[in-house]
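The values are calculated or read from the model by the stated rules, or taken from the named source; none is laboratory data. Small disclaimer: the values here were computed from a predicted structure and weren't measured. Glycine also receives a Cβ, built like all others from the backbone with ideal geometry; neighbour counts cover every protein chain displayed. These area figures cover heavy atoms from the full protein model, side chains too; ligands, DNA and RNA do not enter into them. Shrake-Rupley method; radii C 1.70, N 1.55, O 1.52, S 1.80 Å.
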Amino acid sequence: MNLLFDIYSSNNNNNNSSIISTINHFISSLSSSLSVSISTSSSSTSFENQPIVPLVTLLLGTFLFIVCIFIILFKMSDTPVSEVATQQLQQQQLQQQKQQYSNGDNNINHMNTVDLASQHQLDDARTTNTLPKNPTTSHLHMESGGIFTMKDIIGSDDDIEAIINSIDPNDQRKLTLAKEYFSRKASDLDIPTLFLRLVVSKTRTQIDDLKKLLYLMSSSGPGFILTGTFSSFTSLSFEKRQKILAMMKTSVNPLRRQAYRAVAPLTCSLFLMSLNSNGVNPNWELLDYPLPPPPEQIPTKERLSFINISSEQSLKTDVVVIGSGAGGGVTAAILAEAGYNVIILEKGSYLSPNAMTWKEAEAYPLLYEQAASLVSEDISVNVLAGSCVGGGTTVNWAASIKTPEHVLDDWRKDCPNTFEKISFNDALDKVSARLNVNKNESVHNKPNDILQRALDELNYDSDVIARNVKGCDTSQCGYCSMGCRSRSKQSSMITYLEDACLNGAKIIVHCEAMEITSTVPKGGQVPTSPTAHGVVAIVTHPDGERHRVFIKCDIIVSSAGAIHTPALLLRSGLSNPNIGKTLYLHPVLPAVGIFEKEAVEIWKGVPMSVISREFQGKYGTILETPNAHLGVVSMIVSYLWDSSSMLKEHLYNVKTWSCIIPILRDKNPGKIKLDKDHRSPKIVYNLSDEDYKNLLPGVEGAIRALVAAGAKKFSVPIAGTTIVDSENLESYIKNLKSTKYKPNKQAVLSAHQMGSCRMGSNKNNSVVNENGESWDMKKLFIADGSVLPSAVGVNPMITIYAVSYQIAQSILKLYPPPSKDNIAKINNTTNNNMNMNINTTDIATTSTTTTSTSTTTTTNSSPLNNKPGRKNSGDVAGGGSIEITYEISENDISNNNVVDLPISRTQE
């Protein structure tokens, strides 16, 4: 909380109340259902001293600049010429809908549309500052204890009446639920608290950006950059705030769109995700969203072995594998079976199948990066990435598609050995066999049946998707994105990780690898590359307790994924310029179809069983249909939001929605960089015009498929458009083809990340060689999706397994495992207890020093190692041991600097 609101000095109580109430006004303006209550009276809340330049000085010093920006931004129309036809179509539909209602047609799918003319009139009024400077505040009141509450405003009575009249008057239960649904406020669901809990999972830069946004929205001067008025956003009437937000969503000003995107999608998701004291969301019953069945206590023996870290630790092993997803799982299993002593580090948590509740609000924080709210730097792409034991294989939809041949042909040009046809196909076959990949259990649920029906109708290419499942209980299918209780999905967690643990491997959860250490032998005439030496990590328990760990090892395998592997290498000081440079995301722009009286229930059944390659080409799209629960669906709806009542109208009949996703093989990559804290990965990705052009045929195909299957209405989440009647299909597609991509205007999603540490046969264009070994550090390997030379173009799980399988085999050839005699010695000195809690001893009793036959010095080229307080005891001439001690200042610890690492580590 302090991080979020410390833009004001601690002695400015009025400003503190203002910034807190900004969240109230911003969130509540999105919908009456999101009206906010936050207490500001707690005496325990403190604010960091962070002075701000006085507003008067700011305005005087930048007056001319402000006038120029004022004229350019707010005299400019927010409606691109290419969208005029689309808006005319929307207005025509609105008139048709009004006529239907005047004729007594109480169609429950009535969708209101923003009055675009009024919107532009509002823009003109703001540019001339004609909005009242002392706006109506009757909708605000102060309750005891300093509570700011927004009066419930949900749209016109006519809109509500139309919905109510569409319900059978004899169905009193549904009538009651509908009235409660349309009158429900955010304070009823405690959305502000949930919003802030998710915000604190963001990086420091993201939090700083949100603070700036809140400052602008609460300011009566600089806020005009976003709102077009010198009156603060929070002081405007509720109706005007809603109109401003609707304008921001479609604005030609990218800052406005970004501001809308920063709050709206997450807020809309929380409306349907948040749980009350009974563990349910009160909106679910009306929307016919089923309460997940209670967790089952499946009588299975726990086969994973964990090390419980409860203090500062120094450990020793043969191999450290960083990450437990597809790459980490198969690599750890192969190396452990060969005789290596393996420790697996997993940044995320372990969620036992018996503990999976299948509720988004509970599952996402435990299973996904940033609780499934991870976004790119400019927040234009929502990135779903697993962060748990098993990684993405625990939460994906089990699609097991082999690497397309035309992609392998491209990869063989630079990696002829790795992707040699016979050997790579053999790897694909071996991992597919272990994962039980098959098509026999790819039963079509309703959305997949709709897709198959459409593909047949249109004579499009279609195929059944093979899935890595075994004994899949289709009666409970649909929750794959929140883990598989029945252990039917053959994820890394229940296949390769169990194999590894059965051969002695151990897992440390909540353990983030912060830095890789290395040694450089001295004395030779020829410069030698450094050799991997150990891993510095931090274990952060759910209660916030943190312990530093150093693990000395002979081989390091980074399988942290395409986001975190390059960040780890950069933190470790590797200077290869290719690190993080070629990030591919498989961007998706979904198409939604509304089948009105046909219940689809997109959250139910086998999630992904049909694929079409009709638009694949070399850099085209495949068509699939996803499994989507209400949190994801409502995030997409946020792009169609224009008023408070419209949000609920859109969601009211969500059970009749189906969705088809065109997944693009992107040609132009993004990057992974380190954030300002020099620790957190930052996703820099701008969908290129070329890639957007390649994406559109797939979007068109998805729309045509939905209509061919019987959808009465459809929509694509592009701000400024609405839900369209299917009879207007051709007009819509014509306008769609003329649209240009604008960040934060289209709802671009990604569930696949790859390529950021690409493999190659030349150091000039790659990070690792064909064996998966780093060009810059011996015995450092990468085995995950980051090594793929480019985007796969299909769900990449099986490809990642196969490439990692080959890398593990290369490790065995390059660095054969210890002999059986050595293994026996290791086993005699290692705790082989397979229980869940294996407590390692304290650093003081486990660190040992032995004599080395060669003189070495530890290299830590990361700029983070140059901070004051870190001391190197120096080299030991003529052999012997080197002890490197890090003295951490209290200031470093309190500020969570990345140098907050092990107190000491001993190199042998």
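Give me a count of the residues in region 737-751 that are open to solvent by 30 Å² or more (accessible area, probe 1.4 Å) and within 28 Å of N578 (Cα to Cα).
The number of residues fulfilling the criteria is 4.
Residues in region 718-736: is at least one modelled with pLDDT of 95 or more, touching a helix residue (DSSP H, G or I) at 6+ places or on another chain (Cβ under 7 Å), among the small types (G, A, S) and open to solvent by 10 Å² or more (accessible area, probe 1.4 Å)?
Taking every residue of region 718-736 in turn, at least one turns out to be modelled with pLDDT of 95 or more, touching a helix residue (DSSP H, G or I) at 6+ places or on another chain (Cβ under 7 Å), among the small types (G, A, S) and open to solvent by 10 Å² or more (accessible area, probe 1.4 Å).
Whether any residue in region 502-514 is out of contact with any strand residue (DSSP E or B) (no Cβ under 7 Å at 6 or more places or on another chain), at pLDDT below 95 and not hydroxyl-bearing (S, T, Y) is what I want to check.
Within region 502-514 (the criterion being out of contact with any strand residue (DSSP E or B) (no Cβ under 7 Å at 6 or more places or on another chain), at pLDDT below 95 and not hydroxyl-bearing (S, T, Y)), the answer is no, since none of the residues qualifies.
Show the residue pairs meeting these rules: Cβ distance below 7 Å; 6+ apart or different chains; first residue within region 177-198 and at positive phi; second residue outside any helix (DSSP H, G or I) and open to solvent by less than 40 Å² (accessible area, probe 1.4 Å).
Short answer, once both residue conditions are applied: D190/S274.
If I ask for residues that are modelled with pLDDT of 85 or more and out of contact with any helix residue (DSSP H, G or I) (no Cβ under 6 Å at 6 or more places or on another chain), which ones from region 196-214 would you list?
Answer for region 196-214, where residues must be modelled with pLDDT of 85 or more and out of contact with any helix residue (DSSP H, G or I) (no Cβ under 6 Å at 6 or more places or on another chain): K202, T203, R204, T205, Q206, D208, D209, L210, K211, K212.
Return yes or no: is V469 surrounded by 24 or more Cβ atoms within 10 Å (Cβ to Cβ) and within 20 Å of M797 (Cβ to Cβ)?
On the way: surrounded by 24 or more Cβ atoms within 10 Å (Cβ to Cβ): yes; within 20 Å of M797 (Cβ to Cβ): yes.
Taking the combined requirement at face value, the residue satisfies it.
List, please: which pairs have Cβ atoms under 8 Å, are six or more places apart or on different chains, and start with a residue in region 700-723 that is over 23 Å from P265 (Cα atoms) and end with one that is open to solvent by 20 Å² or more (accessible area, probe 1.4 Å) and not in a helix (DSSP H, G or I)?
What qualifies is G701/Y460; G701/E614; G701/F615; A705/Y460; G710/E598; K712/E596; K712/D725.
Can you name the residue in region 736-770 that is free of Cβ contacts under 8 Å to residues at least 60 places away in the same chain and in a loop (DSSP other than H, G, I, E, B) and is also farthest from the chain's Cα centre (by Cα) among such residues?
That would be N769.
Quick check on my filter: what residues within region 267-278 are within 26 Å of D171 (Cβ to Cβ) and surrounded by fewer than 16 Cβ atoms within 10 Å (Cβ to Cβ)?
If the condition is that a residue be within 26 Å of D171 (Cβ to Cβ) and surrounded by fewer than 16 Cβ atoms within 10 Å (Cβ to Cβ), then N276, N278 are the ones that fit.
Report yes if G593 is closer than 26 Å to N769 by Cα, in contact (Cβ under 8 Å) with a residue 12 or more places away in the chain and not aromatic (F, W, Y), otherwise no.
no
Here is a check on your reading of the model: is R485 open to solvent by less than 30 Å² (accessible area, probe 1.4 Å) and farther than 24 Å from I622 by Cβ?
yes
For region 431-459, enumerate the residues that are under 10 Å from A709 (Cα atoms) and of a type in the set (A, V, I, L, M).
Answer for region 431-459, where residues must be under 10 Å from A709 (Cα atoms) and of a type in the set (A, V, I, L, M): I450, L451, A454, L455, L458.
Quick test of your reading of the structure: E598 fulfils all but one of (1) under 24 Å from L286 (Cβ atoms); (2) outside any helix (DSSP H, G or I); (3) open to solvent by less than 10 Å² (accessible area, probe 1.4 Å). Name the failing condition by number.
(3)
Give the number of residues within region 451-489 that are in contact (Cβ under 8 Å) with a residue 60 or more places away in the chain and either under 28 Å from the mean Cα position of the chain (by Cα) or not in a helix (DSSP H, G or I) (or both).
Number of matching residues: 26.
Restricting to region 230-259, what's the tally of residues that are among the aliphatic types (A, V, I, L, M), open to solvent by 10 Å² or more (accessible area, probe 1.4 Å) and assigned to a helix (DSSP H, G or I)? Can you show your working first?
So in region 230-259, the residues among the aliphatic types (A, V, I, L, M) come out as 236, 244-248, 252, 255, 259.
From what's left, open to solvent by 10 Å² or more (accessible area, probe 1.4 Å): 252, 255.
Those left that are additionally assigned to a helix (DSSP H, G or I): 255.
Residues that pass the stated criteria total 1.
Across region 419-456, what is the total count of residues that are aliphatic (A, V, I, L, M) and within 30 Å of S810 (Cα to Cα)?
7
Suppose we filter region 375-409 for residues that are open to solvent by less than 20 Å² (accessible area, probe 1.4 Å) and without any contact (Cβ under 8 Å) to a residue 40 or more places away in the chain; how many remain?
Total satisfying the criteria: 1.
Where residues in region 801-817 are part of a helix (DSSP H, G or I) and aromatic (F, W, Y), which of them is most open to solvent (accessible area, probe 1.4 Å)?
Applying the filter and picking the extreme gives Y805.
For V549, all conditions in the list (1) more than 21 Å from A747 (Cβ to Cβ); (2) modelled with pLDDT under 95; (3) open to solvent by less than 10 Å² (accessible area, probe 1.4 Å) hold save one; what is the number of the exception?
Of the numbered conditions (1) more than 21 Å from A747 (Cβ to Cβ); (2) modelled with pLDDT under 95; (3) open to solvent by less than 10 Å² (accessible area, probe 1.4 Å), the odd one out for V549 is (2).
Within the bounds of region 717-733, is there any residue that is out of contact with any Leu (no Cβ under 9 Å at 6 or more places or on another chain) and either assigned to a loop (DSSP other than H, G, I, E, B) or within 16 Å of G670 (Cβ to Cβ) (or both)?
No: zero hits.
Each row is one residue, and each column tells you yes or no for (1) basic (K, R); (2) closer than 22 Å to I663 by Cα; (3) outside the structural domain of E624 (by the TED database).
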| site | (1), (2), (3) |
| --- | --- |
| R546 | yes, no, yes |
| C553 | no, no, yes |
| G573 | no, no, yes |
| F595 | no, no, no |
| G605 | no, yes, no |
| V610 | no, yes, no |
| R613 | yes, yes, no |
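Kindly indicate which of L435, L502 is more than 18 Å from W603 (Cβ to Cβ), in contact (Cβ under 8 Å) with a residue 60 or more places away in the chain, of a type outside the set (S, T, Y) and open to solvent by 30 Å² or more (accessible area, probe 1.4 Å).
L502
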